[in-house]
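The values are calculated or read from the model by the stated rules, or taken from the named source; none is laboratory data. Here the structure is a predicted model, which means the values were calculated and not measured. A quick note on method: Cβ atoms are made from the backbone with ideal geometry, for glycine too, and the neighbour counts reach across all protein chains shown. The protein model used for the area step is the full one, side chains on, heavy atoms only, and it has no ligands, DNA or RNA in it. Shrake-Rupley method; radii C 1.70, N 1.55, O 1.52, S 1.80 Å.
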Amino acid sequence: DAKTTQPTSMDCAEGRAANLPCNHSTISGNEYVYWYRQIHSQGPQYIIHGLKNNETNEMASLIITEDRKSSTLILPHATLRDTAVYYCIVTRPPISGGSNYKLTFGKGTLLTVNP
Amino acid sequence: EAQVTQNPRYLITVTGKKLTVTCSQNMNHEYMSWYRQDPGLGLRQIYYSMNVEVTDKGDVPEGYKVSRKEKRNFPLILESPSPNQTSLYFCASREEGNEQFFGPGTRLTVL
């Protein structure tokens, strides 16, 4: 799996967009970018994933640069409940009926949303 | 509601006293796994299972056992717990897609 680099912490004002960067310069062609978050000591929660096109769902948007060496997770209107550690993970997707698939979580970015 | 449940959520025990942490999912997922999370070390996989009666070791299996007799359940067994197994434990499951669903966690303290 490709190594990722994320800032240790970020702050965001409530109601504003939170933009969380991730560098993954060694990403290979078949690796996806996944984002999970973990609210204090709760189980990690899937947010979004993408290969090379920008993706959007009800939780967030994912912007991947054209060279795929970095990406940004965007929470369009951050709320206090979005305060969490956000993990950027680069890995091949699980293969149906295939072997072990595990997520390797780094240290992530602690996002603090302030009132 | 699709979910992964774990019990107990909190447990304090003593060295050597066998314990089991249960994990159950209601999504009919084939793949389940156990992770432990420790400060500074992130989440590390303990064991995983690709289907009923199919289990294998993850990165840190020492001191743990698992079983998969039914698709929905994947208990984690500590035959003789030791203080270095004090940790936050998560069970997870997934099916065909990329998303892993995690349980709420079990905080274990071994004295």
### Message
With the structure loaded, tell me whether residue B:82 is touching a strand residue (DSSP E or B) at 6+ places or on another chain (Cβ under 7 Å) and exposed (fewer than 14 other Cβ atoms within 10 Å of the Cβ) or whether it fails that test.
### Response
yes
- Would you check if residue B:104 is in contact with a Gly (Cβ under 8 Å, 6 or more places away or on another chain), touching a residue at least 40 places away in the same chain (Cβ under 8 Å) and open to solvent by less than 30 Å² (accessible area, probe 1.4 Å)? no
Quick count over the stretch A:28-70, residues being within 28 Å of residue B:91 (Cα to Cα) and touching a strand residue (DSSP E or B) at 6+ places or on another chain (Cβ under 6 Å), is 24
Quick count over the stretch A:1-51, residues being in contact (Cβ under 8 Å) with a residue 60 or more places away in the chain, open to solvent by 70 Å² or more (accessible area, probe 1.4 Å) and either within 16 Å of residue B:102 (Cβ to Cβ) or of a type in the set (Gly, Ala, Ser) (or both), is 1
Flagged pairs (Cβ under 6 angstrom, 6 or more apart or on separate chains; first in the stretch B:74-97, closer than 18 Å to residue B:24 by Cβ; second open to solvent by 40 Å² or more (accessible area, probe 1.4 Å)) are B:75/B:20; B:75/B:22; B:77/B:20; B:77/B:65; B:93/B:101
For strands (runs of 3 or more DSSP E) lying entirely in the stretch A:1-72, having 1 or more residues that are closer than 17 Å to residue A:104 by Cα and modelled with pLDDT under 95 picks out A:32-38, A:45-50
When every residue in the stretch A:73-111 that is closer than 11 Å to residue A:38 by Cα and small (Gly, Ala, Ser) is compared, the one modelled with the lowest pLDDT is A:108
Counting only strands (runs of 3 or more DSSP E) entirely within the stretch B:17-111, those with at least 3 residues that are away from chain A (no Cβ under 14 Å) and not small (Gly, Ala, Ser) are B:19-25, B:76-78
